[in-house]
Amino acid sequence: MSAHADVERLTAWVHGRVQGVGFRWFTRARALELGLVGHATNHPDGRVMVVAEGPRPALEQLLAWLRSDDTPGEVRLVVDSWDPARGDLDGFVER
């Protein structure tokens, strides 16, 4: 099995009071600590979309953090979906 077999793509829609509170900055910091690539993007409806690629265990750690009480602001709901990694991301950026 190749080293990239466990690399996946997580898309998480974060609902709650998550804009203007440093949420994307903290998400970026956690993702970089975990060695993930992707982005955290504010949406006009108040949600933040987090897209990250990397090993499944690291992505699961990021998802657990998004759902924890340790995030800035107030997360009410996280809707996640999983896909094969596309390999089209570089670094981790706030949008």
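The values are calculated or read from the model by the stated rules, or taken from the named source; none is laboratory data. Keep in mind that what you see is a predicted model, and the values were worked out from it rather than measured. Here Cβ is always computed from backbone atoms with ideal geometry, including for glycine, and neighbour counts include all displayed protein chains. What goes into the accessible areas is simple: the full protein's heavy atoms, side chains included, and nothing from ligands, DNA or RNA. Shrake-Rupley method; radii C 1.70, N 1.55, O 1.52, S 1.80 Å.
Within region 39-54, the only residue that satisfies the criterion of being out of contact with any Phe, Trp or Tyr (no Cβ under 8 Å at 6 or more places or on another chain), of a type in the set (D, E, K, R) and open to solvent by 50 Å² or more (accessible area, probe 1.4 Å) is Asp45. For region 7-19, the count of residues that are modelled with pLDDT of 95 or more, of a type in the set (Asp, Glu) and buried (at least 19 other Cβ atoms within 10 Å of the Cβ) is zero. Which ones in region 63-84 are open to solvent by less than 40 Å² (accessible area, probe 1.4 Å) and in contact with a Lys or Arg (Cβ under 6 Å, 6 or more places away or on another chain)? Trp65, Gly73, Val78 - these are the residues of region 63-84 that are open to solvent by less than 40 Å² (accessible area, probe 1.4 Å) and in contact with a Lys or Arg (Cβ under 6 Å, 6 or more places away or on another chain). Do the conditions hold for Pro57, that is, is it open to solvent by 40 Å² or more (accessible area, probe 1.4 Å), touching a strand residue (DSSP E or B) at 6+ places or on another chain (Cβ under 7 Å) and closer than 19 Å to Val7 by Cβ? Spelling it out, it is not the case that Pro57 is open to solvent by 40 Å² or more (accessible area, probe 1.4 Å), touching a strand residue (DSSP E or B) at 6+ places or on another chain (Cβ under 7 Å) and closer than 19 Å to Val7 by Cβ. Residue pairs whose Cβ atoms lie under 7 Å apart, separated by 6 or more positions or on different chains, with the first residue in region 64-85 and closer than 13 Å to Arg17 by Cα and the second open to solvent by 60 Å² or more (accessible area, probe 1.4 Å) and hydroxyl-bearing (Ser, Thr, Tyr), do not occur.
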